[in-house]
1. Can you pull out the residues in the stretch 122-142 that are within 30 Å of L300 (Cα to Cα) and surrounded by fewer than 24 Cβ atoms within 10 Å (Cβ to Cβ)?
2. Within the stretch 195-202, is there a residue that is at pLDDT 95 or above, among the β-branched types (V, I, T) and assigned to a helix (DSSP H, G or I)?
3. If P262 passes every condition in (1) over 24 Å from I185 (Cα atoms); (2) open to solvent by less than 70 Å² (accessible area, probe 1.4 Å); (3) of a type outside the set (V, I, T); (4) at pLDDT 90 or above but one, which one does it miss?
4. Within the stretch 70-121, can you find the residues that are in contact with a Pro (Cβ under 8 Å, 6 or more places away or on another chain) and either without any contact (Cβ under 8 Å) to a residue 12 or more places away in the chain or open to solvent by 10 Å² or more (accessible area, probe 1.4 Å) (or both)?
5. For the stretch 265-275, what are the residues that are surrounded by 13 or more Cβ atoms within 10 Å (Cβ to Cβ) and not basic (K, R)?
6. Do we have any residue at all in the stretch 139-155 that's over 17 Å from the mean Cα position of the chain (by Cα) and of a type in the set (S, T, N, Q)?
7. Of everything in the stretch 143-170, what is hydrophobic (A, V, I, L, M, F, W, C) and surrounded by 14 or more Cβ atoms within 10 Å (Cβ to Cβ)? Give them in sequence order.
8. Go through the stretch 47-69 and count every residue that is within 20 Å of A34 (Cα to Cα) and either of a type in the set (F, W, Y) or open to solvent by 50 Å² or more (accessible area, probe 1.4 Å) (or both).
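The values are calculated or read from the model by the stated rules, or taken from the named source; none is laboratory data. Keep in mind it's a predicted model, so treat the numbers as computed, not measured. Cβ sites come from the backbone with ideal geometry, for glycine too, and all protein chains shown count toward neighbours. Just so you know, the surface numbers come from the protein's heavy atoms only, side chains and all, with ligands and any DNA or RNA stripped out. Shrake-Rupley method; radii C 1.70, N 1.55, O 1.52, S 1.80 Å.
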Amino acid sequence: MSRLAVIGTGVIGNGWIARALAQGWDVVAFDPAAGAEARTREAVARAWPSLARLGLAEGADPERLAFADSLEAAVANADLVQENVPERLDLKREILAALDAAAPAGVIIGSSTSGFKPSDLQRDCTREPGRIVVAHPFNPVYLLPLVELVGGEATTADHLARAEARYRELAMRPLVVRREIEGHIADRLMEALWREALHLVNDGVATTEEIDAAVVYGCGLRWSLMGTFLTFHLAGGEQGMRHMLEQFGPALKLPWTKLEAPELTDTLIDRVVEGCEHQAAGRSIDALESRRDEFLVRLLALVEEYWPESEGLEGRL
């Protein structure tokens, strides 16, 4: 029976908890914040219907969640540890050093950090620093399968192989990043789109709703199956990517995009906030999350039929 220790139970921590419970794991959580346990159990209850529609593993049960009264107690018998404290390097280093000192020997300790490099996270760990790896998921963690795994200076191939195996047991699709870099892979791509979107709002070219429509009804539909490169490969016709680059490559030199972020002035902030509130149309965050989860469950059921495994292409996109 596998056991996940979760340190920090915000949105991401609770997502890990719900996913592990749905896969039939035991979960022990620790969070010193007042009311943390009640909020976590409510979050799991909200996620459970979507997880049930996806399919629960044998033994899946929300009652297999327990809260510990200390970090040390939480990790005492863990098979995998997931750290999810706020995105402050000093805090993460302090917590990860304590986890390294307390967790059983050989147990992988994953950090959900969206930006820090693992070598920086390992810096204060004196017992087994190599087992501290970035294990960066995507919200909602209980539905989206990608986890970026990144090793640091002290991490060996064996550490990453064991981490990959553990996260696969949680029905994740691990992406082992070849070398550490701030922001890893996916967040760097999302950041580039986000910066360009802010420029379009700031320059009065489009509203937040119009920009989202461009993604939702256009490129986003293709990206959910093929990603960026394979989509452009098809754009080259019979000759594929080579012809696409020959035909459209020169446009890369044109000043179409502005990757440096615009100044977050009060005017820009107001435009973005007002645009998002217009899109929300009075619906609460809970209502929007429920709508998102229902969509993702149905979308996952569809796209899994088109993933490489269905064609016998293991290990491909």
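1. F138, N139, P140
2. yes
3. All conditions pass for P262, except number (1).
4. Of everything in the stretch 70-121, those that are in contact with a Pro (Cβ under 8 Å, 6 or more places away or on another chain) and either without any contact (Cβ under 8 Å) to a residue 12 or more places away in the chain or open to solvent by 10 Å² or more (accessible area, probe 1.4 Å) (or both) turn out to be A76, N77, S112.
5. Correct list: L268, V272, G275.
6. Yes, the stretch 139-155 contains at least one residue that is over 17 Å from the mean Cα position of the chain (by Cα) and of a type in the set (S, T, N, Q).
7. L143, L144, L146, V147, L149, V150, A154, L160, A163, L170, listed by residue number.
8. Qualifying residue count, the stretch 47-69: 2.
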